[in-house]
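**Student:** Could you have a look at this structure, given as C-alpha cells, before my questions?
The values are calculated or read from the model by the stated rules, or taken from the named source; none is laboratory data. For clarity, every value in this text was computed on a predicted model and none was experimentally measured. Using ideal geometry, Cβ is built from the backbone for each residue, glycine included, and neighbour counts are taken over all protein chains shown. Side chains included, ligands, DNA and RNA excluded: accessible areas come from the protein's heavy atoms. Shrake-Rupley method; radii C 1.70, N 1.55, O 1.52, S 1.80 Å.
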Amino acid sequence: MPTAIASTLILIAFLMTAAFAPSVAPMHPNQGNIRDRLQAPGGEYRLGTDQQGRDLLSRVIFGSRVALLVGATTVLIGLSVGGLLGVVAGYFGGWTDTIIMRTMDLLLAFPYILLVVAIVSILGPSLQNAIIAIGITNVPHFARIVRSVVIGLREREFVMAAGALGASQLRTIARHVMPNAIAPVIIVATLYFGRNVIAEATLSFLGLGVQPPTAAWGSMVAVGREYLRSSPHLSLAPGIALMFFVYALNTLGDALRDVLDPKTQ
Amino acid sequence: MGTYVVKRVLQIIPVLIGITFLAFLVFYFGPGDPVLMILGEHASPELIERERTRLGLDQPMLVQYARFLGNLAQGDLGISYRSREPVTSVIAPALRATVILAIVTMLFTALIGIPTGILAATNRGGVVDQVTMSVTMVGVSAPAFFVGILLLLVFSYQLRWFPASGMRDWNSVVLPALTIALHFGAMLARMTRSAMLEVLGEDYIRTAKSKGLARRVVEYKHALRNAALPVVTLLGLQAGHVLGGAVVAETIFAWPGLGRLLLNGIIWRDAPLVQAGVIIIAFMFSVVTFFVDIVYSWLNPTIRYG
C-alpha cells in the first residue's frame with residue numbers, strides 16, 4: 001500500500017508540474033542563449049543546457065505536458081472505441097461478435113510498435129497523428145477486456161431480470177452491465193496509459209512523433225544521442241523523467257489490480 | 001489434438017488474407033506514385049501512360065489486388081524503388097540479421113527472467129522478493145530506447161567492452177539483444193513469479209509437502225512444471241515481437257535487421273519494401289502465435305475443447 005500512495009503522490013506532482021509548467025519552469029523551454037550551449041548540470045542552469053543553449057530543466061518540465069496529453073487522449077480513444085465495440089460484440093454475440101473480434105485479431109497480428117509506425121507513415125509525422133495511431137492500437141485490447149466482462153454478465157440473473165422487467169437493451173447495458181466493467185477497465189487503462197506514453201516517446205525518438213522545437217522527452221533523448229560522449233545529461237534528464245513517470249503509473253496499476261481483482265492476491 | 005491443430009491452421013487463413021490486403025492498401029493509398037518513383041519526375045506523359053498499363057495500375061483495385069496475390073504466390077514481392085533490386089534480395093540479409101538477434105535476445109530473456117522469477121516466488125514476501133519486484137518494475141517501465149542509450153553510454157563509450165554499432169564481430173549482438181532482453185526478462189520474471197505463486201497455493205502442492213517431500217523437489221518438480229504454461233506463452237509472444245518489432249534496438253545499434261530496414265523504407269517512401277516487410281513480419285508473428293497456441297494446448301488439454 002505505501003508504494004501505491006507514493007506513486008499516486010508522484011503522479012499528482014507530475015500532473016501539477018504539467019498544469020503549471022509556465023510558472024514552475026525557470027526559463028522559456030524553446031528560447032536559449034547559444035553562448036551557453038551544452039553547459040553541464042549545476043550552476044546557473046540546474047540540469048544544464050542543450051545544444052542550442054536552452055535550459056534542460058525547463059524543457060523536461062514542459063515535456064511532461066506532451067506525455068500527459070498523449071497518455072490521456074490515447075487511452076480515451078482506445079476506451080471509447082474499443083469499449084463500444086466490446087459491448088456490442090459481447091452483448092449481441094453471433095455474427096456481430098465474429099466480425100468485430102476477427103478484425104481486432106487482425107490488428108493484434110502486427111507487432112505493436114510496427115503498427116504505430118505504419119499508421120504514422122501514412123498519416124505523416126506529428127503529435128496529433130501519433131495520438132491517433134497509438135489510440136488505434138489500444139482499441140483491440142479494450143474491446144477484448146470489455147467483451148469478456150459483458151459475456152460473463154450476459155447470462156447472470158440480475159441482467160436477465162432487468163430484461164424481464166422490461167428494461168430496453170440500451171438501458172440494460174448502461175445501467176446493469178457497464179458498471180461491472182469499470183474495475184477491470186481502470187486497471188487496463190492505467191497500464192496502457194504508461195505504455196502509450198512510452199510509445200509516443202519511442203515515435204518521437206525515431207523522429208516520427210513530436211516535431212522540434214516542441215519539448216518532448218523522446219525527441220530530447222534522440223537529440224542527446226549525438227552528444228552522448230561529451231554531454232550525456234542531454235539524454236539522461238528526459239529519459240529519467242520518463243522512466244520515473246511510467247514507473248509510478250505501473251506501480252499504481254499493479255496496486256489497483258491487487259485491490260480490485262482479489263484473485264491475484 | 002489433431003483436430004485442434006487443423007482448426008487452428010484454418011484460423012490463420014483469414015488472418016493472412018487480411019494481412020496481405022492491409023499491406024496492399026498501404027501500397028495503394030500510400031504516399032508516392034509508383035510510376036513516377038520508377039521513371040523519375042521528368043518522364044514524358046506517354047511513357048508514364050505506357051508504364052502504368054504495363055504495371056496494371058490502370059486496372060480496378062480488386063484486379064490489382066488479385067494480381068498482387070498472384071505475384072506473391074510466386075515469391076515475387078516487386079522491385080525496391082530505392083535500390084532497384086528485387087525486394088526479396090534486399091530483405092533476405094535483413095531477415096537473417098533479425099533472426100540472429102531474436103535468438104540471442106530470447107536466450108538472454110529466459111536466462112534473466114525464469115531464475116529471477118523462481119527466486120522471488122520461493123522467497124515470497126522476503127527481502128529478495130521485494131528487491132526483485134522493485135528492480136523488475138524498473139525494467140518493465142524503462143523504455144527500450146532509453147535502456148539502449150544507457151547501455152551504449154556505459155558498455156560501449158565508457159568501458160569499451162562492446163562495439164557501438166554494426167554487425168561485424170560476435171559481440172556486436174550483445175548490446176542490442178540486452179536492450180530488448182532487460183525489458184522482456186523483467187516481464188518474464190514477474191510472470192514466472194505469479195505463475196509459481198498461483199501453483200504453490202494449490203492443494204496438490206500442500207499434499208506433496210505434507211507427505212514429507214523435500215521443499216526443493218516440490219518447488220522444482222511439481223510446481224515449476226505446472227507454472228510453465230503462462231511462461232512459455234509469454235516467451236513465444238516475445239519472440240514474435242523481436243522478430244517483427246525490434247525497430248528501436250536495431251536503430252540505436254545500427255543492427256542491419258528487418259525493423260531498421262522497414263523504418264528506413266518508410267522514411268524513403270519505398271512502398272514495395274514496406275509492403276513486403278509488413279507481410280513477412282505479420283506472417284512470422286502469426287506462425288509464432290500458432291506454435292505458442294499449439295504448445296499451450298499440449299500443456300493444457302482443456303483448451304482444445306474450448
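**Student:** Has the stretch B:61-78 got any residue that is of a type in the set (Asp, Glu), away from every other protein chain (no Cβ under 14 Å) and within 27 Å of A:Gly207 (Cβ to Cβ)?
**Tutor:** No: the stretch B:61-78 contains no residue that is of a type in the set (Asp, Glu), away from every other protein chain (no Cβ under 14 Å) and within 27 Å of A:Gly207 (Cβ to Cβ).
**Student:** Quick one: in the stretch B:63-96, of everything that is touching a strand residue (DSSP E or B) at 6+ places or on another chain (Cβ under 9 Å) and open to solvent by less than 60 Å² (accessible area, probe 1.4 Å), which residue is nearest to B:Trp268 (Cα to Cα)? First the steps, then the outcome.
**Tutor:** Of all residues in the stretch B:63-96, those touching a strand residue (DSSP E or B) at 6+ places or on another chain (Cβ under 9 Å) come to B:76-80, B:85-87.
With open to solvent by less than 60 Å² (accessible area, probe 1.4 Å) added as a condition, the list becomes B:77-78, B:80, B:87.
Values: B:Leu77: 18, B:Gly78: 16, B:Ser80: 10, B:Val87: 14 Å.
Step by step, filter the stretch B:63-96, then rank; the result is B:Ser80.
**Student:** Can you pull out the residues in the stretch A:207-231 that are within 11 Å of chain B (Cβ to nearest Cβ), outside any helix (DSSP H, G or I) and crowded, with 23+ Cβ neighbours inside 10 Å?
**Tutor:** A:Leu208
**Student:** Restricting the stretch A:70-82 to residues that are touching a residue at least 24 places away in the same chain (Cβ under 8 Å) and open to solvent by 10 Å² or more (accessible area, probe 1.4 Å), which is farthest from A:Phe205 (Cα to Cα)?
**Tutor:** A:Val81
**Student:** Follow-up. Can you go through B:Gly139, B:Gly166 and tell me which one is touching a residue at least 60 places away in the same chain (Cβ under 8 Å), closer than 28 Å to A:Ser219 by Cβ and either within 14 Å of chain A (Cβ to nearest Cβ) or not in a helix (DSSP H, G or I) (or both)? Reasoning before the result, please.
**Tutor:** Details: B:Gly139 fails: touching a residue at least 60 places away in the same chain (Cβ under 8 Å).
After applying the criteria, what remains is B:Gly166.
**Student:** Looking at A:Thr98, A:Thr137, A:Thr103, which one is within 12 Å of chain B (Cβ to nearest Cβ), part of a helix (DSSP H, G or I) and in contact (Cβ under 8 Å) with a residue 60 or more places away in the chain?
**Tutor:** Exactly one of A:Thr98, A:Thr137, A:Thr103 is within 12 Å of chain B (Cβ to nearest Cβ), part of a helix (DSSP H, G or I) and in contact (Cβ under 8 Å) with a residue 60 or more places away in the chain, namely A:Thr137.
**Student:** Could you please give the count of residues in the stretch B:251-270 that are within 11 Å of another protein chain (Cβ to nearest Cβ) and touching a Pro at 6+ places or on another chain (Cβ under 9 Å)?
**Tutor:** Residues flagged as within 11 Å of another protein chain (Cβ to nearest Cβ) and touching a Pro at 6+ places or on another chain (Cβ under 9 Å) within the stretch B:251-270 amount to 4.
**Student:** Does B:Gly126 satisfy being open to solvent by less than 30 Å² (accessible area, probe 1.4 Å) and in contact (Cβ under 8 Å) with a residue 24 or more places away in the chain? Write out each step before concluding.
**Tutor:** On the way: open to solvent by less than 30 Å² (accessible area, probe 1.4 Å): yes; in contact (Cβ under 8 Å) with a residue 24 or more places away in the chain: no.
In short, no.
**Student:** Any residue at all in the stretch A:110-133 that's open to solvent by less than 10 Å² (accessible area, probe 1.4 Å), modelled with pLDDT under 90, within 27 Å of B:Ile280 (Cα to Cα) and outside any helix (DSSP H, G or I)?
**Tutor:** Checked against the condition, which is being open to solvent by less than 10 Å² (accessible area, probe 1.4 Å), modelled with pLDDT under 90, within 27 Å of B:Ile280 (Cα to Cα) and outside any helix (DSSP H, G or I), the stretch A:110-133 yields at least one hit.
**Student:** Would you say B:Ile279 is more than 14 Å from chain A (Cβ to nearest Cβ), outside any loop (DSSP other than H, G, I, E, B) and either hydrophobic (A, V, I, L, M, F, W, C) or surrounded by fewer than 24 Cβ atoms within 10 Å (Cβ to Cβ) (or both)?
**Tutor:** It is false that B:Ile279 is more than 14 Å from chain A (Cβ to nearest Cβ), outside any loop (DSSP other than H, G, I, E, B) and either hydrophobic (A, V, I, L, M, F, W, C) or surrounded by fewer than 24 Cβ atoms within 10 Å (Cβ to Cβ) (or both).
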